[in-house]
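Enquirer: Handing you a structure now.
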Amino acid sequence: MGLFDGKVAIVTGAGRGIGRAEALLLASEGAAVVVNDLGGETTGGGADQRPAQQVVDEIEEAGGVAAANFASVSSWDGAQALVEQAVDDFGRLDVLVNNAGILRDKMSFNMEEAEWDAVVDVHLKGHFAPIRFAGAYWRAKAKETGEPTNAAVVTTASESGLYGNAGQVNYAAAKAGIAAMTLVLARELERIGVRTNAICPVARTRLTEEVPGAGEYMAAKEGEFDRFAPENAAAAACWLASDVSAPISGQVVKVQGGLVQIVQGWRPITEATDDKPWTIESIDAHRGALFAKTGEGVPAFLTPAEQ
Ligand SMILES: NC(=O)c1ccc[n+]([C@@H]2O[C@H](COP(=O)([O-])OP(=O)(O)OC[C@H]3O[C@@H](n4cnc5c(N)ncnc54)[C@H](O)[C@@H]3O)[C@@H](O)[C@H]2O)c1
């Protein structure tokens, strides 16, 4: 008995890295998996059908069921065809794992328009487009059957988008957008029985191998489990995708090595009030209350470098 027996899943960007590990785990737990991957370079250029096909071959060799899809996730038509393929090939859709991603790091003042557009396109539109068509499918199904669909969406955010990372303004803006999108989708899709959660993974993949110093930090160490193996992050995504985690929805889950955290933010932590219209001076007069160390978790003002 597998946790995903009888279920059908799509994993985007599943030809390599974390997506590959997610597809393999879902398939080993009984899901039929549509393995989407454009097969591009880390910066988004190029296309190669082999990574997605290799993962399909691996799943089938292990006795599982899978089909390849080579569309770009940021193609509106491609995303629609991806969802249709799952339903046509395997009869239904239960799980959508949005994972595909690229990097084009640059300091903001040096960034080219194409670098901004490519990253926002693959991450932000590339998350939304498959969700748009999967959501429409689930809504139609819920209407037809009168039953909640019991489906799950897992998105892939990043700490970079939550805490800010210099040199990644395009990527961080897109990942913050994905976290916000996840909260909206959790509210919108709850009524038709779809849970939506995000992971913030940290894993050894070709994306992190290029980061200076990351290679050694993320290498498997003797005497401990392989903390940065993509399989470790995939477990969190597949937990959120599985019925085991119900009714959890609208959450952002960070997974790094042996650590799992629920991350929440953007809530008021201090306040100032007045019964007159605000002026520049009157707001500044409350600065002490807004940034004073007033209690647990309410820090004094820190400069961006200190944060
Ligand atoms: N590795 C980490 O530590 C880390 C940290 C935070 C977030 N993430 C996120 O995890 C996700 C997976 O990254 P990874 O580290 O496994 O990288 P990876 O490069 O190993 O895998 C990403 C896959 O996405 C595919 N892809 C890229 N653009 C695509 C498109 N338009 N359509 C379809 N497929 C496309 C690539 O071909 C590649 O196979 C990304 O969203 C990334 O931003 C990774």
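Laboratory data are not the source of any read-out in this text; all were calculated from the coordinates shown. No experiment lies behind these values; they were computed from the predicted model shown. Cβ sites come from the backbone with ideal geometry, for glycine too, and all protein chains shown count toward neighbours.
Enquirer: For segment 124-241, what relative contact order do you get, as a whole percent, if you take Cα pairs closer than 8 Å and at least 6 residues apart?
Expert: Once divided by the residue count of segment 124-241, the mean separation gives 26 percent.
Enquirer: Determine, for 195, 139, the number of other Cβ atoms within 10 Å of each Cβ, and report the residues in order from fewest to most.
Expert: Sorted ascending by nearby Cβ count, the order is 139, 195.
Enquirer: Could you line up 279, 182 from fewest to most neighbouring Cβ atoms inside 10 Å?
Expert: Fewest-to-most ranking of 279, 182: 279, 182.
Enquirer: Per 10 Å bin from zero, what fraction in whole % of the C-alpha pairs of the chain is there, up to the bin with the longest pair?
Expert: 6, 26, 32, 21, 10, 5, 1, 0
Enquirer: Listed here are the pairs 125/221; 254/276; 7/221; 141/175; 143/254; 7/175; which of them are more than 32 Å apart at the Cα?
Expert: 125/221; 254/276; 7/221; 143/254
Enquirer: A follow-up question, please. Would you calculate the separation in nanometres between label points at residue 139 and residue 62, each defined as 7 Å from the Cα along the Cα-to-beta-carbon direction?
Expert: Each label point lies 7 Å from its Cα, and together they span 3.5 nm.
Enquirer: While we're on this one: Within the chain, which whole H helices from DSSP have a Cα span along their axis of at least 24 Å and a mean Kyte-Doolittle hydropathy of 0.5 or more, if any?
Expert: Helix filter hits for the chain: 169-189.
Enquirer: Which whole-percent values make up P(r) of segment 189-238 when all C-alpha to C-alpha distances are grouped in 5 Å steps starting at zero?
Expert: 4, 19, 21, 19, 13, 8, 6, 6, 4, 1
Enquirer: Here is a further query. Treat the count of other C-beta atoms within 10 Å as a stand-in for reagent exposure and order 204, 191 from fewest to most.
Expert: With the fewest neighbours first, 204, 191 line up as 191, 204.
Enquirer: Another one. Using a cut-off of 10 Å between beta-carbons, work out the net charge of the residues near residue 116 (Lys and Arg +1, Asp and Glu -1, residue 116 not included).
Expert: Here the count lands on -3.
Enquirer: Next question, about the same structure. Multiplying the sequence separation of residue 271 and residue 286 by 0.36 nm and subtracting their Cα-Cα distance, what value in nm do you get?
Expert: Length gained between residue 271 and residue 286: 4.5 nm.
Enquirer: Here is a further query. Before rounding to the nearest 500, sum -39500 (n - 2.57) across all DSSP H runs of length at least 4 in the chain and divide by the residue total; then give [θ] at 222 nm in deg cm²/dmol.
Expert: That comes out to -12000 deg cm²/dmol.
Enquirer: Same structure, new question: Counting only other residues whose beta carbon sits under 15 Å from that of residue 18, what net charge do I get with K and R as +1, D and E as -1?
Expert: +1
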